[in-house]
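Asker: Would you mind keeping the following structure in view while I ask a few things?
The values are calculated or read from the model by the stated rules, or taken from the named source; none is laboratory data. In this text, all values refer to a predicted model and were calculated from it rather than measured experimentally. Methodologically, a virtual Cβ is constructed for each residue, glycine included, from the backbone with ideal geometry; neighbour enumeration extends over all protein chains shown. Only protein heavy atoms, including side chains, enter the accessible area calculation; ligands, DNA and RNA are left aside. Shrake-Rupley method; radii C 1.70, N 1.55, O 1.52, S 1.80 Å.
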Amino acid sequence: VGSQPLAMRGLSGLGARFRQVASVSSASRRLALAIGASACFGALVAVGSVAECNSDAQRLQRLEARVDALEKKLKQEKKTRLGDLQAICSAIETRTHLKKPVLVCFSGKRSTGKSFVTAILQVQAGVPNVSLAFADECKRLYAEKANLDLKRLMTDWKYKDSHRPGMTQFYDEAVRKDPSYFHKAVADRIFRELSKPEPPELVIVSDCRFPEEIAFFKEQRSEMFSKIITIRVTASDEVRMRRGWKPGPGDLHISEIALDNYKFDLYIPNNFSGKEEINNFIRKEILPQLHH
């Protein structure tokens, strides 16, 4: 009888401890309850036996030691999990609050100097940037299909011009089957750039040719871009011919005239013979728009 208060007091104290420890995690609750059941069984066996009082006290001490060890382990696990969770949340928060890039869409007829202006803007921008082009995606996909030299198709004017009819046909057929075919190809490239550890703050698409292309980007603005600026690059026919343009039936292709009446944010009359005039124009007209 004398051992009953000791056993019950020990059991009551351990029960409170078990409930406290078990609250650390649901997975640990089952282990704590199992230990608690063992303690209950041991305590009840001891009830009514004075001779086993000391043994019961030792059993309770051992159980308390096990609870202490379990509590310490669970607290450490909780601390580790909390640290991991905080690190993950911090990474997500940092990525979420990264400044969305500005998108600049250039448009212009052949030989107006779109690529030239794009290259100068990339240097002048002063922020990480990337330049993409619908034509490059078209060339890449066409080169794969026709087994052509992609590097020459990108850099060799005569080689590119000799394959222009084939590329035009390839473009027309692809768009006829899926009007957003090249939109998706360029968007995929942009997504990949924005998914990099250090994404660009400026994305340039150097050759928009259709209102649908610009509309496609504007639909994505809320998720992808902080701002979209459309710029039309123009040049006189005389200047264009000096740069290698030869008038022909291709000038009436829909890709050359679809944006003739589009209202752009800025216009660059690129009749300049050197870089200085373009540099000045970019500094005065474009850069303020990027950082506004």
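Asker: Quick check: convex hull over the Cα atoms of region 145-292, volume per residue in Å³, rounded to an integer?
Answerer: In region 145-292, the Cα convex hull volume per residue is 161 Å³.
Asker: If the reach is capped at under 17 angstrom between alpha carbons, list the lysines near Lys196, excluding any in the same chain fewer than eight residues apart.
Answerer: Cross-link targets: Lys99, Lys100.
Asker: If you don't mind, there's one more thing I want to ask. How far apart, in nm, are the 7 Å Cα→Cβ label points at Ile254 and Ser273?
Answerer: The two pseudo-label positions are separated by 4.1 nm.
Asker: Roughly how many Å² is the accessible area per residue of region 127-263, as a whole number, for a 1.4 Å probe?
Answerer: Details: 7770 Å² over 137 residues.
Ligands and nucleic acids excluded, the figure is 57 Å² per residue.
Asker: Let me ask you something else. Using a Debye calculation, one point per C-alpha and no hydration shell, please list log10 I(q)/I(0) for region 227-292 at q = 0.26, 0.28 Å⁻¹ in order.
Answerer: Log10 of I(q)/I(0), two decimals: -1.20, -1.25.
Asker: Report, ordered by chain and residue number, the aspartates and glutamates lying within cross-link reach of Lys73, taken as a straight Cα distance under 18 Å and ignoring same-chain residues fewer than 8 apart.
Answerer: Result set, ordered by chain and number: Glu64, Asp84.
Asker: Can you send over the carbon and sulfur percentage of the accessible area for region 231-277, probe radius 1.4 Å, protein chains only? Can you show the working numbers first?
Answerer: Values: 1670 of 3010 Å².
With neighbouring chains kept in place, the figure for region 231-277 is 55 percent.
Asker: Determine how large the accessible area of Thr230 is when every protein chain is in place; take a 1.4 Å probe and give Å² rounded to the nearest 10.
Answerer: 0
Asker: For Lys145, what accessible area in Å² do you get when you roll a 1.4 Å probe over the heavy atoms of the protein chains, rounding to the nearest 10?
Answerer: 140
Asker: At what distance in nm do the modelled label points of Asp68 and Met241 sit from each other, each positioned 7 Å from its Cα along Cα→Cβ?
Answerer: 9.8
Asker: What pairs in Lys160/Lys246; Lys139/Lys284; Lys160/Lys218 have C-alpha atoms more than 24 Å from each other?
Answerer: Checking Cα-Cα distances, Lys139/Lys284; Lys160/Lys218 exceed 24 Å.
Asker: I'd like the distance between the alpha-carbon centres of region 257-288 and region 183-226, rounded to an integer number of Å.
Answerer: 20
Asker: Can you give the accessible area of Arg240 in Å² (nearest 10), computed on protein heavy atoms with a 1.4 Å probe?
Answerer: 10
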